[in-house]
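The structure is given below, and queries will be raised subsequently.
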Amino acid sequence: MIKHIVIWRLKKIEGKTKDDSGSKIETEINKLPDLIKEIKALEVGINVNPSERASDVVLVSEFESMEKLKQYQDHPEHLKVVALLQPLTEEVRVVDYEL
């Protein structure tokens, strides 16, 4: 089993709050389990910690194998979400590990 974690730090966008951007990310990512069968589990969280060190949004998901994770990453629906989210994000960090 592979745990896939993605952490975003959002851009400051004029006319939008980070909560607006975080909600958009949450909405778009939460559509993926119905569209991509390789996803075993998926959870999105929006940060509530006001610390300057904190990031803004996290995705925690699980896949049966690295192969299934790769299929998810290459899936057209995932790529659409990535394209939608790129303009909202300042920094992205990823960690994948075996359970």
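In region 7-99, which GluC sites (Glu not before Pro) are in a loop and have at most 16 other Cβ atoms within 10 Å, using DSSP for the loop call?
Those satisfying the criteria are Glu14, Glu52, Glu64.
Rounded to the nearest whole Å², what accessible area per residue is found for the chain with the 1.4 Å probe?
65
What angle, in degrees between 0 and 90 and rounded to the nearest 10, separates the Cα long axis of helix 18-30 from the longest principal axis of the Cα atoms of the chain?
Roughly 20 degrees between the two axes.
Using only the Cα atoms of the chain, what are the Rg and Dmax in Å?
Calculated on Cα positions, Rg and Dmax stand at 13.5, 41 Å.
Lys80: which aspartates and glutamates have alpha carbons under 15 Å from its alpha carbon, excluding same-chain residues fewer than 8 sequence positions away?
Correct list for Lys80: Glu26, Glu28, Asp34.
What is the total of Lys pairs in region 1-66 with C-alpha atoms under 24 Å apart, excluding same-chain pairs fewer than 8 positions apart?
Here the count comes out as 13.
Moving on. Against the longest principal axis of the chain, how steep is helix 76-85, in degrees 0 to 90 to the nearest 10, with axes from Cα atoms?
Value to nearest ten degrees: 20.
Hey, how many Å between the Cα centroid of region 1-28 and the Cα centroid of region 36-62?
8
On the protein heavy atoms, probe 1.4 angstrom, tell me the percent of accessible surface of the chain carried by carbon and sulfur.
Of all accessible area on the chain, carbon and sulfur atoms account for 49 percent.
The values are calculated or read from the model by the stated rules, or taken from the named source; none is laboratory data. All of these numbers come straight from a predicted model, not from anything done at the bench. We place every Cβ from the backbone using ideal geometry, glycine too, and count neighbours over all the protein chains shown. Protein only, heavy atoms only, side chains kept; ligands, DNA and RNA dropped before computing areas. Shrake-Rupley method; radii C 1.70, N 1.55, O 1.52, S 1.80 Å.
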